[in-house]
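K.L.:
Have a look at the structure that comes next, please.
Values quoted throughout were computed directly from the atomic coordinates according to the rules given, and no laboratory measurement underlies them. Computed from a predicted model, the values in this text were never measured in an experiment. We place every Cβ from the backbone using ideal geometry, glycine too, and count neighbours over all the protein chains shown.
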Amino acid sequence: MIAVFLFYIHLIFGLYVFTKRWQEEGLSAAFLILIFVGIIFSVGWTLSYLIASLIFPTEGLGKFYNRDTISLTIVTIFEYFFYNNYFRGKLKKEKAPLL
């Protein structure tokens, strides 16, 4: 159940980023950002599963919080900080005054 919730968070974020980029820059830029988010998610989940498999046993911390869910939680936290910095940097560049 926790994994489904985390997947829904990723789905909603992907739709949000796609729609926002589509309105600002066009359809091709929207598909590019969606591919970028997908690559970051897949590579991040692979690396976080590797880290979780080194630290936690197969059964994880319980029936609903196994090793897969732990790795998905780790990648969600990582992505939150990464995208927060990535999109904040984009906003600062757009709002910079032209001299």
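K.L.:
Which whole-number percentage describes the relative contact order of the chain, with Cα contacts under 8 Å and a sequence gap of 6 or more?
P.N.:
Reported as a whole number, the value is 25 percent.
K.L.:
A further question on this structure: If one takes the longest principal axis of the Cα atoms in the chain, at what angle in degrees, from 0 to 90 and to the nearest 10, does the Cα axis of helix 27-55 lie?
P.N.:
Around 30 degrees separate the two axes.
K.L.:
In addition: Highest first, please rank the peptides 66-76, 31-41 by the mean number of other Cβ atoms sitting within 10 Å of their residues.
P.N.:
My ranking of the peptides, most packed first, is 66-76, 31-41.
K.L.:
Then there is this: Could you run the Karplus curve 6.51 cos²θ - 1.76 cosθ + 1.60 with θ = phi - 60° over segment 59-76 and give me ³J(HN,Hα) per residue in whole Hz, x for Gly and Pro?
P.N.:
Karplus values, whole Hz, x for Gly and Pro: 6, x, 10, x, 5, 9, 10, 7, 5, 5, 5, 4, 5, 5, 5, 4, 5, 5.
K.L.:
Which of (i) 1.07; (ii) 1.09; (iii) 0.98 is the computed Rg/Rh (Cα atoms, Kirkwood Rh) for the structure on display?
P.N.:
Only one listed value fits the structure, namely (ii).
K.L.:
Find how many whole Å separate the alpha carbon centroid of segment 67-82 from the alpha carbon centroid of segment 10-29.
P.N.:
21
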